[in-house]
Structure formats: structure tokens, C-alpha cells
Amino acid sequence: MSNKHQLFYNFTSAICRHLHPKDSLFAAFQVLESHIPIDRTFLEAYDFDLGVVHVLAEANKNGGVQLDRKVPIGADLKRYVAARNADIDSPSVLIINDLTNNDVARQMVLSYGGTLDCSIMVLNPALENEVLGCMVIICESGYKYTDMDAEIFALLDRPSAISISNTLKHRQVLYLQDLLAEENRMLQQELGADANSTIIGADFGLAPTLSFASKAAQHDSPILLLGETGTGKDVIASYIHNVSARNSGPFVRVNCGAIPESLMDSELFGHEKGAFTGAVGLKRGKFERANGGTIFLDEIGELPLAAQVRLLRVLQNSEIERVGGTETLPVDIRVIAATHRDINKMVAQGTFREDLFFRLSVFPIKVPSLRERKEDIPALLDYFVKRKAQLLKLGQPPRLTPSLVEDLCQYEWPGNVRELENVIERALIINEGEVLSIPDLQQPNQAQSITTSNSSTPDSIVSLDDAIKAHIKHALEICNGQIHGSNGAAELLEINPNTLRSRMRKLNISFNQ
């Protein structure tokens, strides 16, 4: 076997022996140094869409290193590659012994951290009639490369092209692997959230809201959920998705208030590779991920005006455009938005687009505050005590007393269901007895507070239904048996009279009205 054939065989074997580009390039370096003076070698890919040379790996006598360095491409290099593509059939090796006369070479060597008195050779291999990148070797010992060196280096045209192609494909596989892992994490989060979302009050305080939501769910019109913070707007949004024809598609949650304004467009609509610094690959946005399902835009009032314009286009045309892209992508999604802010006031102030408001509010749904559905508090207490005790691994949860339930029903709960949940969790953490004790809760703008203690004995504990039954009977006694009207028990309990009658029938409470 001739020396040239032996070099080609050894180099190809070295390139193909390793999967990782840094190991492959180091093996190639060890073959090359016995034929050509060499101190360092680099593997690079051209990305003319981004306008950069992507340095993939470096090797020297000490080993190989994986790199992810991007150097801007000059016009000279673009012209050179264009000329190379015009003569694609023959190997191309560029010798540069004087870097002072070559701006591109000087810029690249400086980016490597090298000196300008070196000599370099650049092999631009072609694969399937396309120049993907180059292999660069550098001699820093004062030796100047010759045409004979270039002839030897040109023998490595095809295996170098395959190495660059394999490196790019390897990186793409890793990127897709990371993307798949991200998709899986999101899916697990969504499944976990759905699995843990139980609607308490579906038969009582939330019944009218869920009835209206069920009707809205049968159509694809946008829905706007209005209500105070902590009322459970996300639970209603999930409910709408689950009872709709889209329940087999994705349900993607977006907290518009948690995304920095500079990243808003990228997060919602995605971006193309190279759309901005750090955009190393294509990213699918939340709208694209929600295709075929539902997207829930929580805190829509925090959306910047620029993003509002793009959202309006999605609603009007059912299409998106990634940041940095020119292609429009059709999307089939149902949009559910939610806010605790006064949208009408924001429209009047010019901080929220009026046309977007009209598009979103086809089905406005008011989610009642907890003080508007206090009849649900006993059931919420029972649910949160059991669930939080399980999550905190407390074993048997502490018991509720009628006095505790009654006291908590009197509290106004400015933080709504979220506040109730947090209060229960905090109480379970510090509770030491078999009977639940709740720390003092200061009523808004009042000096009075709810105080409870562990003074109740196990003998005084009754079931939750009995506690609710006693509470309703007490209200009926105060109101002389009157259920509806200005002085009725329903008004005192702050619930709908029909809801109260339903609860009384369930608990077998007799009444004469």
C-alpha cells in the first residue's frame, strides 16, 4: 500500500473510530502529525443563515476539546465558498502563510487565541455537492506550508466532509433529545397538574360558573376568565379543556406575568435558529406546542402591547410566525385568557388593546371569590387537610372541630382559595395535636381576629356533614326558618337560596318554605 493510500486509510479509520467529535478529531490529529507539521487542528461548519463560522472541536498533542464558538463570516469567505461550490468536483486546500493579507484568516486565528506569525491550511471538503465547513490545521513553529503539504492534505477531502456532517448530525440528535426531554417534562407537569385538580364546590358555589363554562366549552370561541387572584381560574380553564372536544389535545399553561418582556415573543411564538444571540436552534413556542388543543394565557393583563398585536393576529388568522422567521404556520387552538385586573379600565387607559379585548371576551366568565361562595369552605377545608397531610407525609390528618369550621367560614379570605390552601398547609406543619389548630387570621380593616386552640376534646369532634348541618340549622334559627329574602338564611350564609335548599335536602334538614 502506497503512503498516500495508507494515510487515507489511517485517517478515515481514525475519523470513524469515535462518535464524539473531539475524540475523532484528536485521533485524526495523531495521524496527520506524522505526515504534515501541525500544532493544532480545528473542525468548523459554515452557517450562512446565521452569518457565522461554527467552531465545533479543536485538537492538539494533549487531546481534543469540544467547542461551541461562533465567529462572524466575512464577505471574502462567502465569496471563496461560492467559488468552491462552483468547482465542487475537485478538492480545495487554501494555504495562508501571511495572515496580514487575509482578514478572515486573521480574525479566525485571533478567535482561536493564536498568533499571527503562524501558517495555516484550510480544507473545504464537499459532500453531496455542498461545502458544509472546513478542517483547519495550524503550524506555530515557524514552518510555512507548501503545495506538497496541500496535496497531502487534499487526500483527506472526503473523510473530512463525512466528519463534519456526522458532527452536525450528532449535535442535532442531542438537540432533539433535549427537546424531547423538555416536551416530556412539560407533559408530566401538565398531567400532574390535571391529576391533582379537583373542583370543590361543583355542586354548590361554583355550580353556575361551571354550567356556563360547560356551554362555552362546546365551541372554539375564545374565553376570558375574570376574577380575583386565587379564585381558581386555572382550575376552570382546565375544566373547560377537559369537557371540550379538544380534551385529547395538549393543554398548555402560560403565565404572562412571569415571562420577561424581552423573551415574550420567543416564549409564545418560538424562534428560528440565529434569530438573536443565543438562539442556537429552532424553538417551538407555546402556541405551536398547543396546536390541536388549548392554550391558557393566565394574567393576560400583563401582556406587552407588542405581544398583544401578535396575539390578535393569531386569533384573527389562526397562524403564527416564529421570531426571525418568514414562514407563517397555521395553528388550530382554543384560547382561554384570565386576569384579575380591570380590563375595561386598562382599555380606557390604552394599556390593553380594545380590539384584542373584544376578540377575547366572546365568552366572559366571572369566577366568584371565596367570600361569595362560603358554603364551599367546609368542603375545601376537608379536601386541603387530607391532601396536604398526604403530601407532607403526616399520616392520619388532624380532625376539624365545628367551632373551627364556623370561625373560618366567618373570615373574608382576601386571598381566596389560595390563601385558604396556604393557611391549612402552614397549620398542618406547626400543628402538634390530633385536633387542627389554625393561627390567628386578621380580618382586613378590622381589629378582630379568628382564634382557635387545641382545647377541644376528641369527644366534641363531629363529622363534617354534621358540622355543616349544625351551621345551617343555627342560621335558620336566627332567621326564624326564613330561607330567602333580605332577612333569610341564604343571605346570612351568603349563598343562593336554591343552593341552600339543595344542601338542606342532602343533609335531611326539614323546612317549611
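Couple of notes before you dig in:
- Residues (among the polar types (S, T, N, Q) and under 19 Å from Ala202 (Cβ atoms)) located in segment 369-413: Ser369
- Some residue of segment 312-322 being under 29 Å from Pro72 (Cβ atoms), assigned to a loop (DSSP other than H, G, I, E, B) and open to solvent by 10 Å² or more (accessible area, probe 1.4 Å): yes
- Within segment 117-145, the set of residues being without any contact (Cβ under 8 Å) to a residue 12 or more places away in the chain and of a type in the set (S, T, N, Q) is empty.
- Counted residues, segment 94-109 - those being closer than 14 Å to Arg40 by Cβ and in a loop (DSSP other than H, G, I, E, B): 0
- Listed conditions (1) surrounded by fewer than 21 Cβ atoms within 10 Å (Cβ to Cβ); (2) under 19 Å from the mean Cα position of the chain (by Cα) are all met by Phe357, apart from (2).
- Selected residue (criterion: most open to solvent (accessible area, probe 1.4 Å)) from residues of segment 17-58 that are among the hydrophobic types (A, V, I, L, M, F, W, C), assigned to a helix (DSSP H, G or I) and without any contact (Cβ under 8 Å) to a residue 40 or more places away in the chain: Phe26
- Residues that are modelled with pLDDT of 90 or more and in a strand (DSSP E or B) were ranked within segment 282-298; the one that is most open to solvent (accessible area, probe 1.4 Å) is Asp298.
- Residues that are assigned to a strand (DSSP E or B), of a type in the set (A, V, I, L, M, F, W, C) and under 17 Å from Leu297 (Cβ atoms) within segment 326-343 comprise Val335, Ile336, Ala337, Ala338, listed in sequence order.
- Reported count of residues in segment 1-40, each being in contact with a helix residue (DSSP H, G or I) (Cβ under 7 Å, 6 or more places away or on another chain), among the hydroxyl-bearing types (Ser, Thr, Tyr) and under 15 Å from Asp157 (Cα atoms), is 1.
- Residue within segment 334-351 that is small (Gly, Ala, Ser), touching a residue at least 12 places away in the same chain (Cβ under 8 Å), under 21 Å from Pro260 (Cβ atoms) and surrounded by fewer than 17 Cβ atoms within 10 Å (Cβ to Cβ) present: no
- Qualifying residue in segment 261-277 (condition: in contact (Cβ under 8 Å) with a residue 60 or more places away in the chain and open to solvent by 50 Å² or more (accessible area, probe 1.4 Å)): yes
- Of the criteria (1) open to solvent by 40 Å² or more (accessible area, probe 1.4 Å); (2) over 30 Å from Leu210 (Cα atoms), which one Ser248 fails: (2)
- Selection within segment 110-159 - β-branched (Val, Ile, Thr) and either open to solvent by less than 10 Å² (accessible area, probe 1.4 Å) or in a strand (DSSP E or B) (or both): Ile120, Val122, Val131, Val136, Ile137, Ile138
- Filter result for the condition that a residue is modelled with pLDDT of 80 or more and of a type in the set (Phe, Trp, Tyr), over Tyr112, Tyr80, Tyr46: Tyr46
The values are calculated or read from the model by the stated rules, or taken from the named source; none is laboratory data. As the structure is a computational prediction, the values presented were derived from the model and not from experiment. Cβ: placed from backbone, ideal geometry, glycine included. Neighbour counts: every protein chain shown. Ligands, DNA and RNA are stripped out before the accessible areas are found, and what is left, the full protein with its side chains, is counted by its heavy atoms. Shrake-Rupley method; radii C 1.70, N 1.55, O 1.52, S 1.80 Å.
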